[in-house]
1. Measuring from the lowest to the highest alpha carbon on each principal axis, how far does the range A:1-56 reach, largest first, in angstroms?
2. Using a basic spin-label model with each label point 7 Å from the Cα along Cα→Cβ, how many nm lie between A:Ser130 and A:Leu102?
3. Mean-square fluctuation check for chain B, GNM, Cα pairs under 10 Å: which of B:Tyr96, B:Tyr64, B:Tyr19 is largest?
4. To the nearest 20 debye, what charge dipole does the protein assembly as shown have about its Cα centre, counting +1 at the Cβ of each Lys and Arg and -1 at the Cβ of each Asp and Glu?
5. I want to verify a result. In a Gaussian network model of chain A, Cα cutoff 10 Å, which of these has the top mean-square fluctuation: A:Ile100, A:Ile73, A:Ile22?
6. Which log10 I(q)/I(0) values, to two decimals, does the range B:40-103 give at q = 0.23, 0.25 Å⁻¹ under the Debye formula with one point per Cα?
7. Could you tell me how far the Cα centroid of the range A:98-174 sits from the Cα centroid of the range A:1-49, in Å?
8. For a distance above 12 Å, tell me the whole-number percent of Cα pairs in the range A:130-174 that qualify.
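Computed from the coordinates by the stated procedures, all read-outs in this text should not be read as laboratory data. Every value quoted in this text rests on a predicted model; they were computed, and no experiment measured them. For neighbour counting, all protein chains shown are included, and Cβ atoms are generated from backbone atoms with ideal geometry for every residue, glycine included.
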Amino acid sequence: MGERIFFAIAAFGAIASAVTVITVRNPFRAAVALIVALLSIAVVFLLQRAPFVAMIQVIVYAGAIVVLFLFVIAYLGDHPPTLGPDPLARYQVLAWLAIIGLGIEGFLALANSHLPGIDANPYEVSDIGSPTAIGNAFISTFSVAFEATSLVLLVAAIGAVLLARRAVLGERGR
Amino acid sequence: MTPTLISHHTTTGVPLSWYLALSGVLFLLGLLGVLTRRNPLLLLLAVELMLNSANIALVGFSRYWNVSDGQIFALVVMVVAAAEVVIGLGLIVAVYRQRLALDVDALSRLKG
C-alpha cells in the first residue's frame, strides 16, 4: 500500500509539472518545471527497483542536461523575440484530435491486454537495478550497444563544434 | 537470456499497468507540447518529456520480466537524449546568432 501512495504522489507531481512545461510561456519557468518532472520520474524509477537509473536520472538529466538548457536560456536573454499571432492556429484542432485519438487507442490497448498479472501486484525481483548488475550487463551482453553510445556522443560533440564554428564564421569571426 | 518470471511470489506494489498509464499520459502531454509550441527551446523541453515517458515504460517492463534489459535500454535512451539536446541547443544558438526569429514555423527553408 505504501508503494502505491508514493507512486500516486510521484505521478501527480510528474503530470502536474508536465502540464506546466507545455503551458507556461517563460522558457526559464518551463525548464524549472521540467526539473520537478524529472525528479518525480526518478522517484518512479526507485519504485521500479532501478536505483542506478534513478541516480543517473538525477545526476545526468536533472543535473547536466537541464543546466545546459538553463545556460542557453540565460545566454539568449530573458526576452525572446515577440511572436505575432500564430499563422497555424487553425490547425491546432488537428493536434488535439491526434492526442485524443492516441489516448483512446492507448487506453483500449491497456484495457484489453492479456499480459498475465498486468493489473495485479508485481512479482518479486532479483538484483536487476544495482550498479553491479547494470555494469555486468553492459560489459557482457550489451558491449556493442555500450561502444555505440560512445560513438553517438563523439558524433554529437563534433556536430556541436561544427555548428559553433559555422555560426562564428557566419558573423565573420565576431 | 530469455525473459522469464523467475520468482512467483508477488509483493504488494504498483501494478505494471499503472506505470504504463503514467508513461502514456506523459507521452501525450509531451506530444501536445511538440505539436503546439513555437519556441524551439520549449519544443526541446517537450521532447525531453516524451523520452522520459518512454523510459518509465522500459524500466517498468524491466521490473515485470525481472531482467536488466529495459534499464540498459533506458540508459542508452538517456545518452541519445543528451546528444539530441546538445545538437538542438547548438542549432538554436546558431539561429539566434544569425538574428532570425526563434519560431519553428518561420524556419521552414533549408539552404546551405
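1. The Cα atoms of the range A:1-56 stretch 37, 24, 10 Å along the principal axes, largest first.
2. 3.8 nm
3. Looking only at B:Tyr96, B:Tyr64, B:Tyr19, the biggest GNM fluctuation is shown by B:Tyr96.
4. On the way: 16 positive and 14 negative charges, 236 e Å.
With Lys and Arg at +1 and Asp and Glu at -1, about 1140 debye.
5. Maximum among the listed residues: A:Ile100.
6. -0.89, -0.97
7. 18 Å
8. Values: 686 of 990 pairs.
Counting every Cα pair in the range A:130-174, those more than 12 Å apart make up 69 percent.
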